[in-house]
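**Student:** Please find one structure pasted underneath; my questions will follow.
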Amino acid sequence: MIYMYNIAVIGDYGSIYGFSSVGFDTFPVRNTQQARKELKVLANSNYGIIFITESLMELLQADCEPYNEQAVPCIIPIPAFAGVTGYGESRLRRYVEQAVGSDIIFGEQ
């Protein structure tokens, strides 16, 4: 059986408005509380991937945790217009280490 999922992007308007041009559903938010509500609705809807700006996702860590053990939705941090916080990279590093037992992507040679 084939499942068709949508892709959502949550963040400040300036950081996410361009994603609508490639067919992603954008959900601009103004504060953490609004983002928290939006995440919950989207995660329980037909969204397979939810991109969230790094700075916002850092504030929503506890809200994202329940979805980490599920295949869908996949919640992925993206850089915001204001710049990179490093949260996305540190999260990726942690998952790679957990999956393979060592830091094969970012580790020093």
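We did not get these values from a lab; they are worked out from the coordinates using the rules stated. Just so we're clear, the structure is a prediction, and the values are computed from it rather than from any experiment. As a convention, Cβ positions derive from the backbone with ideal geometry for all residues, glycine included, and neighbour counts pool all protein chains shown.
**Student:** It is to be established whether one or more residues within segment 7-30 are part of a helix (DSSP H, G or I) and in contact (Cβ under 8 Å) with a residue 60 or more places away in the chain. Talk me through it step by step, then tell me what you get.
**Tutor:** Here is the first cut: in segment 7-30, the residues part of a helix (DSSP H, G or I) are 13-22.
Restricting the remaining residues to those that are in contact (Cβ under 8 Å) with a residue 60 or more places away in the chain gives 14-15.
Yes - at least one qualifying residue is present in segment 7-30.
**Student:** Same structure again: Would you be able to tell me the number of residues in segment 68-86 that are within 12 Å of the chain's Cα centre (by Cα), under 16 Å from I10 (Cα atoms) and of a type outside the set (V, I, T)?
**Tutor:** Within segment 68-86, residues that are within 12 Å of the chain's Cα centre (by Cα), under 16 Å from I10 (Cα atoms) and of a type outside the set (V, I, T) number 5.
**Student:** Mind listing whichever residues of segment 35-91 are loosely packed, with under 14 Cβ neighbours inside 10 Å and of a type in the set (D, E)?
**Tutor:** Those that are loosely packed, with under 14 Cβ neighbours inside 10 Å and of a type in the set (D, E): E65, E69.
**Student:** Here's a follow-up. Can you find a residue that is in a loop (DSSP other than H, G, I, E, B) and small (G, A, S) anywhere in segment 32-45?
**Tutor:** Let us first name the residues in segment 32-45 that are in a loop (DSSP other than H, G, I, E, B), namely 44-45.
Now restrict to residues that are small (G, A, S): 45.
Yes, segment 32-45 has at least one match.
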